[in-house]
Amino acid sequence: DVKVTQSSRYLVKRTGEKVFLECVQDMDHENMFWYRQDPGLGLRLIYFSYDVKMKEKGDIPEGYSVSREKKERFSLILESASTNQTSMYLCASSLGGWADTQYFGPGTRLTVL
Amino acid sequence: GQSLEQPSEVTAVEGAIVQINCTYQTSGFYGLSWYQQHDGGAPTFLSYNGLDGLEETGRFSSFLSRSDSYGYLLLQELQMKDSASYFCAAAGSSASKIIFGSGTRLSIRP
């Protein structure tokens, strides 16, 4: 079974802090994704990566950056956290193209005070 | 703009059949996926329609009509464990064109 893990289940940070969210997948998937999920808005794509060191912006990249130095690991970075970034963050990976089945991690609920 | 529309809530009775609709408007379209998410859990893949027609996977079926920009998820023999949120997701011409609907919360009554 594909396993996608995220570094924290719950995280509380203060405004202005730099925040790192880590995601690791164990199935050698090419594609990895970061989403945020907010009530009534569904999942919105922040960034995705189709290969090591390769990334593309999704729908809402502002205020975020990403890093993919190794195939299995995809990090989401909030350079200076703000209260409007309080959300559930979900990481996903897929084997083939981006239209392929995505496997999601358990999510990180981030609260920015 | 790009959007997917699906009902916010649906209620059904255990053992019955329920259909969750999804209409989409995207620039470039490759297919429609469906995901299930239980409260506090991660979304899990249910089905994908790349072509028009019906795809069946056990109690779940999914349908796509490209000419109508419409799809649905059909759940049969409903069980209490099917109470969850269901999301449709449209795959566009690139990964940056993946969009999810806002989700349909399915509540099942005994």
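Which residues, if any, in the stretch A:46-87 lose at least 40 square angstrom of accessible heavy-atom surface (probe 1.4 Å) when the other protein chains sit next to their chain rather than the chain being alone?
When all protein chains are present, A:D59 each give up 40 Å² or more of accessible surface.
Beyond 19 Å, what share of the Cα-Cα pairs of the stretch B:2-68 remains, rounded to the nearest whole percent? Walk me through the numbers on the way to the answer.
Details: 890 of 2211 pairs.
Percent of Cα pairs beyond 19 Å in the stretch B:2-68: 40.
Taking every alpha carbon pair in chain A, what does the distance histogram look like in 5 angstrom bins from 0, in percent?
2, 13, 24, 27, 19, 10, 4, 1
Which whole-number percentage describes the relative contact order of chain B, with Cα contacts under 8 Å and a sequence gap of 6 or more? Could you put the intermediate results ahead of the total?
On the way: 285 pairs, mean separation 41.3, N = 110.
About 38 percent, as a whole number.
Select from the stretch B:1-84 those GluC sites (Glu not before Pro) which occupy a DSSP coil region and have at most 11 other Cβ atoms within 10 Å, ordered by residue number. Could you put the intermediate results ahead of the total?
Numbers: sites: B:E5, B:E9, B:E14, B:E55, B:E56, B:E77; in loops: B:E14, B:E77.
Passing both the DSSP loop test and the Cβ count: B:E77.
Just the number, please: carbon plus sulfur as a percent of the accessible area of the stretch A:2-83, 1.4 Å probe, no ligands or DNA/RNA counted.
Details: 2110 of 4220 Å².
Using a 1.4 Å probe with all protein chains present, the stretch A:2-83 comes out at 50 percent carbon and sulfur.
Accessible area per residue, 1.4 Å probe, Å², for chain A: what's the number? Mind dumping the intermediate values first?
Values: 5400 Å² over 113 residues.
Each residue of chain A exposes 48 Å² on average to a 1.4 Å probe.
Using only atoms on other chains, find how many Cβ atoms lie within 10 Å of each Cβ of peptide A:33-42 and report the average. If you can, show how the numbers build up before the last one.
Values: counts 2, 0, 3, 0, 6, 1, 2, 3, 3, 12.
Partner Cβ neighbours, averaged per residue: 3.
Tell me the total accessible area that B and A bury against each other, 1.4 angstrom probe, in square angstrom rounded to 100.
Values: alone 5810 and 6190 Å², together 10400 Å².
When B and A are taken together, about 1600 Å² of accessible area is lost.
Straight-line reach from A:K13: which aspartates and glutamates have a Cα under 16 Å away, not including same-chain ones fewer than 8 places off?
Within the straight-line limit of under 16 Å, A:K13 reaches these aspartates and glutamates: A:E22, A:E79.
The values are calculated or read from the model by the stated rules, or taken from the named source; none is laboratory data. Bear in mind the structure is a predicted one, so any value in this text is a computation, not a measurement. Because the Cβ atoms are built from the backbone with ideal geometry, glycine has one as well, and the counts that use them run over all protein chains shown. Accessible surface areas use protein heavy atoms only, side chains included; no ligands, DNA or RNA. Shrake-Rupley method; radii C 1.70, N 1.55, O 1.52, S 1.80 Å.
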